[in-house]
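Below: the structure, in structure tokens.
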Amino acid sequence: MNNKNNSWHYNSWHRNSWDYNSWYLNIDRPKLRIFGKETDIEIGDITFPDFFYFDINTYCEETWEILVKYEYKEAFQNSYNSLSEEEREKQTKQLKEIPNFDKDIFFEISGIDIDINLDDIKEYTMEQLQEKLWETFKLIK
């Protein structure tokens, strides 16, 4: 499956629900399809976690030039990772309450594994990592 075309931006927001078949030129409010399944929810009747709203670019505050352009999943992950532990817990709970929530589909779309506790992840320099690897592995011919 092409991740770019199945992402929030391309599938759910712009191409599938928002622009092309849900809001424009309809006389009714269609039901949402979330995580590949129909729901009884109409557009506008759902609130997504705040970390869903992010920019894939980092801009210079003075000139508004793009300083860094992130890949979609990287920007999604950055948005989630920037939350405080308290906010992350709150917004992850909100995420899990979305109808038809499927953590595997969410991971495919966002690259975010909600089962990983970010506070348990250890950071190493390359030198530290190399030392750890040499402690763990024995070089054989």
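Placing a label point 7 Å from the Cα of Arg29 along the Cα-to-Cβ direction, the residues of segment 41-72 whose backbone N falls under 19 Å of that point are 41-49.
Remark: Ser110, Ser84 ranked as Ser84, Ser110, counting other beta-carbon atoms within 10 Å and listing the fewest first. Cross-linked pairs Lys31/Lys96; Lys103/Lys132; Lys37/Lys69: Cα-Cα separations exceed 30 Å for Lys103/Lys132; Lys37/Lys69. Of all aspartates and glutamates in the structure, those lying under 13 Å Cα to Cα from Lys90, and not within fewer than 8 positions of it along the same chain, are Asp50.
Starting from the Cα gyration tensor of segment 25-102, take the square roots of the eigenvalues, sort them a ≥ b ≥ c, and report rounded, prolate or oblate (rounded when a/c is under 1.5, otherwise prolate if a/b is larger than b/c, else oblate). It comes out oblate by the Cα gyration axes. Can you give me the C-alpha center-to-center distance between segment 92-116 and segment 28-60, rounded to a whole angstrom? The distance from the Cα centre of segment 92-116 to that of segment 28-60 comes to 13 Å.
Read-outs: derived from the displayed coordinates by stated rules, not from any lab. Only a predicted model underlies this, so the values are computations on that prediction, with no experimental measurement involved. Note that each Cβ is placed from the backbone with ideal geometry, even for glycine, and that neighbours are counted across all protein chains shown.
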